[in-house]
Amino acid sequence: MAASLHIALVEDHDALRLVTADILGQAGHRVTALGCAEELDDLAFADGVIDLFILDLNLPGEDGIRLSQRLRQTHPSVGIIMLTARNAAEQMAQGYASGADIYLAKPQAPETLLAAVASLARRLKPTPLPNGGSIDTANASLHGRNGQVLLHPIELTLLTAFLRAPGQRLDNWQLAEIIGGSTEGASKAAIEVRITRLRKKLRDCGAAADADGGIHVLRGQGYQLHAVLRVS
């Protein structure tokens, strides 16, 4: 089953907006349905984090192309689906150039729209591994059985460095370079603080269950990642 998303639907046709919102809602998604871009500015972001935008292009006021460009600049990791009657090749190219992930021409079968939403949901909210987790680099977050936690940029860098390293192990000098410690004492303290926080996040989201939080100490050498993680 696809992940549940918070979707902002921007469609000025009242009947179509209601029908589309109902289709998405019955599929398990939370929908904020709006009639124009100006309503989005006033209401949608106050209503919580939005994962995916579904935009008509022929909107009153700011049109869908300009809205997509603005959203992509201010919220680069969100999903954008354009659902529009404009179906010429050059119009589709303009839609993708403005930031759309998927461009669908009206009329569109509900099954096709839901399949497009599910496809984007796999990127926006990756499914964690049964015995581990996944790192969402675009949103700097860590996903596991218990949900997700946000990662500090240094924590994201540390995890990806562990995954790329031979045997998933990093020596203390490598960790010190990543974290940016200046003296030997400060570097060791900074490493311990960062590793402790990272272990807690791995445990909190359910990506690691052992006492060491998925990161084992190698006495006098460094640390080794034992949590099973994938990068998306």
### Task
Considering only region 5-28, state which residues are over 10 Å from I54 (Cβ atoms), out of contact with any His (no Cβ under 6 Å at 6 or more places or on another chain) and not in a helix (DSSP H, G or I).
H6, D12, H13, A27, G28
### Query
If you take the residues of region 198-224 that are closer than 12 Å to N172 by Cβ and either among the hydrophobic types (A, V, I, L, M, F, W, C) or not in a strand (DSSP E or B) (or both), which of them is most open to solvent (accessible area, probe 1.4 Å)?
R219
### Query
Given the residues A21, A46, A85, which is the only one that is at pLDDT 90 or above and among the hydrophobic types (A, V, I, L, M, F, W, C)?
A21
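For every residue, the table says whether it meets (1) within 17 Å of S77 (Cα to Cα); (2) modelled with pLDDT of 85 or more.
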| position | (1), (2) |
| --- | --- |
| E111 | no, yes |
| A116 | yes, yes |
| L124 | yes, no |
| L129 | no, no |
| S134 | yes, yes |
| L150 | yes, yes |
| A161 | no, yes |
| A165 | no, yes |
### Query
So which of H152, H143 is of a type outside the set (A, V, I, L, M, F, W, C), surrounded by fewer than 14 Cβ atoms within 10 Å (Cβ to Cβ) and closer than 30 Å to L5 by Cβ?
H152
#### Entry: Subset of region 177-195 that is open to solvent by 80 Å² or more (accessible area, probe 1.4 Å) and not in a loop (DSSP other than H, G, I, E, B) - its residue that is modelled with the highest pLDDT
E192
## Note on the structure
Selection from region 3-22 of residues more than 20 Å from the chain's Cα centre (by Cα) and open to solvent by 40 Å² or more (accessible area, probe 1.4 Å) yields D12, H13, D14, A15, L16, R17, L18, V19, D22
### Task
Taking L40 as the residue in question, decide whether it is open to solvent by less than 60 Å² (accessible area, probe 1.4 Å) and over 22 Å from the mean Cα position of the chain (by Cα).
no
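Residues checked against (1) open to solvent by less than 60 Å² (accessible area, probe 1.4 Å); (2) under 24 Å from A138 (Cβ atoms); (3) free of Cβ contacts under 8 Å to residues at least 12 places away in the same chain:
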{"site": "L57", "(1), (2), (3)": "yes, no, no"}
{"site": "G64", "(1), (2), (3)": "yes, yes, no"}
{"site": "M82", "(1), (2), (3)": "yes, yes, no"}
{"site": "A88", "(1), (2), (3)": "yes, no, yes"}
{"site": "G95", "(1), (2), (3)": "yes, yes, no"}
{"site": "A105", "(1), (2), (3)": "yes, no, no"}
{"site": "Q108", "(1), (2), (3)": "no, no, no"}
{"site": "L113", "(1), (2), (3)": "yes, yes, no"}
### Query
If R72 satisfies every condition in (1) of a type in the set (D, E, K, R); (2) surrounded by fewer than 17 Cβ atoms within 10 Å (Cβ to Cβ); (3) at pLDDT below 90 but one, which is the exception?
(2)
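The values are calculated or read from the model by the stated rules, or taken from the named source; none is laboratory data. None of these values were measured; they are calculated from a predicted model. Glycine gets a Cβ as well: all are built from the backbone with ideal geometry, and neighbour counts include every protein chain shown. Side chains are part of the model used for accessible areas, which takes the heavy atoms of the whole protein and leaves out ligands, DNA and RNA. Shrake-Rupley method; radii C 1.70, N 1.55, O 1.52, S 1.80 Å.
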